[in-house]
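Working notes for the structure below.
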Amino acid sequence: MLDADQIFRRWNFYIFAIIIAAVTGGLFFIRESRPSLLLANEVKQITDMTKMKSIPPPLNHDHIPNLHTFARESLFRPAQLFFQEPIIFTISMMISVAMSLIYIFTQALQPIYQSMGFAETDASLIFIAIGVGTVLSVFTRLLDGYILDYFRHQGHPIKPEYKLVGLGLGGPFLAIGLWWFAWTIPPNVQSPWIVPTIALVLVGYALTEMDTVLYGYISDSYLSYSASATAAVALMRALLSGVFPLFTTQMFNGLGNNIAMSVLAAVATAFCIVPPVFIFYGEKIRQASKFARYSWEIQEELGKDEEDW
């Protein structure tokens, strides 16, 4: 006979399965929207109706590459970007460590709050604080929209660095939140449960901002190479997210909650140097990049066109 707690845990998985099934079913009703494929279909319809053979077929971006091309573009290029591009390497490490914190918290938060008097099931409710921080990112997106509208009205081309406000806020907030949390929890500090929980709101906001903003920065900075760049980030993120939980329990038991969290806070503090470097020197770094320079040249051309207009 299952107790209420076991039923609740099972329904967590049932709900996710229902949602995934609904989304998967909805995918069958999505209309094709890829421009190159739509154009190819239109050309085929015209040639079939008119019997005109002089219309050249459009370039097919959906072709299946041979094994050599697949290995070069899908396997070698992400590794090349990771090791040769400072932007990709830095972003990969930031996103990977930041997202690994979620997996660390799944093992560390419950024992910490149980030591503060929470029941085992009630301790899991603390993750709501991280969720609240995630929701607060909505206000940063509104601020982004205001900033971009300002530059458009001024006639300036939109550069990727203009969208890094969230990173400029998220980096320091993550460090502050982790230091705050580290030294308001047992065993070395005894404080009301709400005090460290507020710090988790800052952490949730920072993690969302870093993930959202940095992925967007990759897309804007690398354009046609953004898929390979994202693949490099995703691989490192998956690796660290799988490795960190392997030693989380040993780390917190060996060092203690306060020191273990301080180690993570120190890493987050080191990351605080990245936002100002990207904001003030990101364009120069992109100019010197073999892959990102292509997007920089396009942005420069768009800027000249707007000035001529």
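Values quoted throughout were computed directly from the atomic coordinates according to the rules given, and no laboratory measurement underlies them. All values derive from a computational prediction rather than experimental measurement. Using ideal geometry, Cβ is built from the backbone for each residue, glycine included, and neighbour counts are taken over all protein chains shown.
Tabulated values for the structure
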| item | result |
| --- | --- |
| Net +/- balance of residues flanking R141 in space, Cβ distance below 14 Å, scoring K and R +1, D and E -1 | -3 |
| Charge dipole of the chain about the Cα centre (unit charges at C-beta), most positive-ward option of P78, G145, A229 | P78 |
| Size of electric dipole in the chain: Cβ of Lys, Arg +1 and of Asp, Glu -1, about Cα centre, debye, nearest 20 | 560 |
| Among (i) 159; (ii) 131; (iii) 210, the entry derived from the coordinates for volume of the Cα convex hull per residue in Å³ | (iii) |
| Residue among I46, F28, I15 farthest towards the positive dipole end of the range 4-50, charges placed on Cβ | I15 |
| Positive-pole candidate from T249, S124, V189, dipole of the chain, charges at beta carbon | T249 |
| Highest average packing first - 24-33, 203-212, Cβ atoms within 10 Å | 203-212, 24-33 |
| Cα-centre dipole for the range 4-50 with unit charges at Cβ (Lys and Arg positive, Asp and Glu negative), debye to 20 | 180 |
| Lysine pairs within the chain, Cα separation less than 17 Å, 8 or more sequence positions apart or different chains | 4 |
| Cβ-placed point charges (K, R +1; D, E -1), dipole of the range 76-204 about Cα centre in debye, nearest 20 | 340 |
